[in-house]
1. Net charge within 12 Å of R55 by Cβ-Cβ distance, Lys/Arg positive one each and Asp/Glu negative one each, not counting R55 itself?
2. I'd like the Karplus ³J(HN,Hα) series for the range 23-36: coefficients 6.51, -1.76, 1.60, θ = phi - 60°, whole numbers in Hz, and an x wherever there's a Gly or Pro.
3. What is the order of L80, L58, fewest Cβ neighbours within 10 Å to most?
Amino acid sequence: MHPPLAPALRGGGVTSHDWERSAVCRTTDPELWFPPPGDNGIRAIRICRRCPVRRACLDAALAEEGTAGADRRHGIRGGLTPTARAQTQPRQAARDRASTPTN
């Protein structure tokens, strides 16, 4: 059994985003986004690469997952595996801090 589908994969949810309606994953098999152990998820990642809302999806995933480790993240989201998103989170937070004006 998989964890609950990401909002883009289940067509909405508690927090719905307008970008989800344009997500390419809406028309694909949800199993693709949760590859089994040993599968690097490249099929899903390739689909994400051509998605017009990939960045919005990744931003939503990073915001929803917060500082969780890779073991607490699930599925391919925004074109990244759980491990890649866990590695991206600290870099994204540093960029956000650097771009925030201080008064």
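1. On the way: positive: R49, R54, R77; negative: D59.
With Lys, Arg at +1 and Asp, Glu at -1, the net is +2.
2. 5, 4, 5, 4, 10, 10, 5, x, 4, 4, 7, 10, x, x
3. Numbers: L80 22, L58 19.
Going from least to most buried by this count: L58, L80.
Readers should treat all values here as calculations from the given coordinates under stated rules, not as data from a laboratory. Owing to the predicted nature of the structure, the values given are computational and were not obtained by experimental measurement. Positions of Cβ are backbone-derived with ideal geometry, glycine not excepted, and every protein chain shown enters the neighbour counts.
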